[in-house]
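Quick notes on the structure that follows.
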Amino acid sequence: MSSTSLRAVIPLSILTAVGLLATDLYLPSVSSLPSEIGGTVPQAQATLAVFLASLALSQLLWGVAADRFGGKAVLKVAIGLQILAGMACAVAPSMGVLIVGRAFQGLGVGAATVVVPSLIRQRFSDRDTVRAMSWLGIAESLIPAVGPIAGTALLSVTDWRASFWIVTGITLVLTPFALRSVPEHQRAKGGKNSFGYTVLLRDAAYIGYALGHALCFAALLTFVASAPQVVQIWLRAEPQTFAILQALGVSAFVVSASQSGRLTASYGIDRLIGAGVVLQVVATAAMLALALLEARSATALVATWVLFCGALGLRGPATMARALDVAPEYVGRASGLLMFLALGLAAAGTQAVAPFLVGGLLPVAVISLGYTLGSAVIILMGWQFRVKTKEHRVLCSVEE
């Protein structure tokens, strides 16, 4: 991938990451929200879950809009909404208003997570797509990784509201540079057709990769959203422990993702995905064992988390590249549907464990292992389908 192409990817990747920073910078203050503005612990968790749910639903909207009107037009509208919602969150007088503001913020943030991957898939070859997706993942990981650390530092000098003002300010500054990287283009062929998702839902190869990636990504987000409570309740540790946990996990992801392009060239996309799947199952099974044995060890928890994140760095970019290998007129929708599945499952997982977080790590470990096992099964079934399809095509060509 040329340096010119890389320069086009980086601003867009950072824009996506800054939107997600709206949650990561704010995470350390979630446990203190009930005492700050009233409400309960489940309501505080709802400010995370509703953001993810709105972000998930927005993927379907922005996927169609990107294919019909182009990425630049979609980003302009969405970024404006994101900025207004961020300001509303910053001045929210109650938990109810904050939850509504977070819902609209999730809607605005969602456009970049659709437009950027679809643009990468359209511009690059298979191998370069994996590399570009790796850079996207690295940017999306590095910036939010600073969030919990910065958020913890912010709490020592100010309150949770500052995190929303900071994200809004960064978005305002970054937007012109990011939009410059998005080319103007005409409405995609077939963009005037129906919603278009039925075509993708009938594509077994797409569903295998998309849902397989969605489940492992949802496991990651469910753990991250619940980790501050796990650290405080189960480990009985300070918020700094969560920041360390997040930083080490991101570091593992960055190291493995940076090598995914090279490993793809050496071993192939599907082998790389398979290795990542196995490692993630091992990591979440170990996490469940810690919970069942009541082994309240920060070191052991960090080790399982580092393994999980490193495995995601191996499989994530490759799985995204495979999932978006669809007809050009459906790339936006393919990206949107994939992220809808991932974020919807993450929102469901986050809210499902919220009432049980007093139990510590166990509910989070159960959801994480369930999601990763589901991902492994779906990926395996997808491979079997593709092998049968390939054999059928070969047989047909021989008969002809």
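The values are calculated or read from the model by the stated rules, or taken from the named source; none is laboratory data. In this text the structure is predicted, and so the values were computed from the model without any measurement. For neighbour counting, all protein chains shown are included, and Cβ atoms are generated from backbone atoms with ideal geometry for every residue, glycine included. For the accessible areas, the whole protein counts, side chains as well, though only heavy atoms, and no ligand, DNA or RNA atoms are used. Shrake-Rupley method; radii C 1.70, N 1.55, O 1.52, S 1.80 Å.
When all C-alpha to C-alpha distances in segment 67-106 are sorted into bins of 10 Å, what percent of pairs does each bin hold, rounded to whole numbers? Histogram of Cα-Cα distances, whole percents per bin: 32, 40, 21, 8. With axes computed from alpha carbons, what is the tilt in degrees of helix 95-123 against the longest principal axis of the chain, rounded to the nearest 10 within 0 to 90? The angle comes out near 30 degrees. Rounded to the nearest 10 degrees, the angle from helix 161-180 to the longest Cα principal axis of the chain is 30 degrees. Please state, as a whole number in µm²/s, the translational diffusion coefficient that the Stokes-Einstein equation yields for the chain at 10 °C and 1.306 mPa s, with Rh defined as the Kirkwood radius across alpha carbon pairs. In µm²/s, the coefficient is 75. Applied to segment 49-60, the Karplus parametrisation 6.51 cos²θ - 1.76 cosθ + 1.60 on θ = phi - 60° returns per-residue 3J(HN,Hα) values of 5, 5, 4, 5, 5, 5, 4, 5, 4, 5, 4, 5 Hz, with x for Gly and Pro. Under the shape rule built on the C-alpha gyration tensor, where the axes satisfy a ≥ b ≥ c, segment 325-386 is oblate, since a/c reaches at least 1.5 while a/b does not exceed b/c. Rg of the Cα atoms in segment 203-282, relative to 2.2 N^0.38 Å, amounts to 1.35. Put simply, the C-alpha atoms of segment 48-118 give a gyration tensor, and the ellipsoid matching it has half-axes of 24, 12, 7 Å, longest first.
Distance from the Cα centroid of segment 200-262 to that of segment 32-67 is 18 Å (rounded to whole angstrom).
Once R0 is set to 41 Å, what does the formula 1/(1 + (r/R0)^6) return for the Cβ-Cβ distance between Ala327 and Val278, expressed as a FRET efficiency to the nearest 0.05? Here the calculated transfer efficiency is 0.85.
Within segment 285-311, find all residues whose amide N lies under 20 Å from a label point positioned 7 Å from the Cα of Gln259 along Cα-to-beta-carbon. In segment 285-311, the label zone of Gln259 (backbone N under 20 Å from the point 7 Å along Cα→Cβ) covers 303-311.
Pairs of C-alpha atoms in segment 1-105 farther apart than 16 Å represent 64 percent of all such pairs. Placing pseudo-labels 7 Å out from each Cα toward the beta carbon at Leu174 and Ser266 gives an inter-label distance of 3.2 nm. How much of the accessible area of the chain, probe 1.4 Å, is carbon plus sulfur, in whole percent? Of the solvent-accessible surface of the chain, carbon and sulfur hold 68 percent. In order along segment 258-270, the phi-based Karplus estimate (6.51 cos²θ - 1.76 cosθ + 1.60, θ = phi - 60°) of 3J(HN,Hα) comes to 5, 9, 5, x, 5, 5, 4, 5, 7, 10, x, 5, 5 Hz; Gly and Pro are listed as x.
The mean accessible area for residues of the chain, using a 1.4 Å probe and ignoring ligands and nucleic acids, is 40 Å² per residue.
Figure note: Met133, Met381 ranked by solvent-accessible area, largest first, 1.4 Å probe, ligands and nucleic acids not counted: Met381, Met133.
Across segment 295-306, computed HN-Hα scalar couplings (Karplus, 6.51 cos²θ - 1.76 cosθ + 1.60, θ = phi - 60°) run 7, 7, 10, 4, 5, 5, 5, 4, 4, 5, 5, 4 Hz from first to last residue, x flagging Gly and Pro. Mean residue ellipticity, 222 nm, helices only, the chain: the sum of -39500 (n - 2.57) across DSSP H runs of n ≥ 4, divided by residue count and rounded to 500, is -29000 deg cm²/dmol. Within the assembled protein chains, the solvent-accessible surface assigned to Val358 is about 120 Å², based on a 1.4 Å probe.
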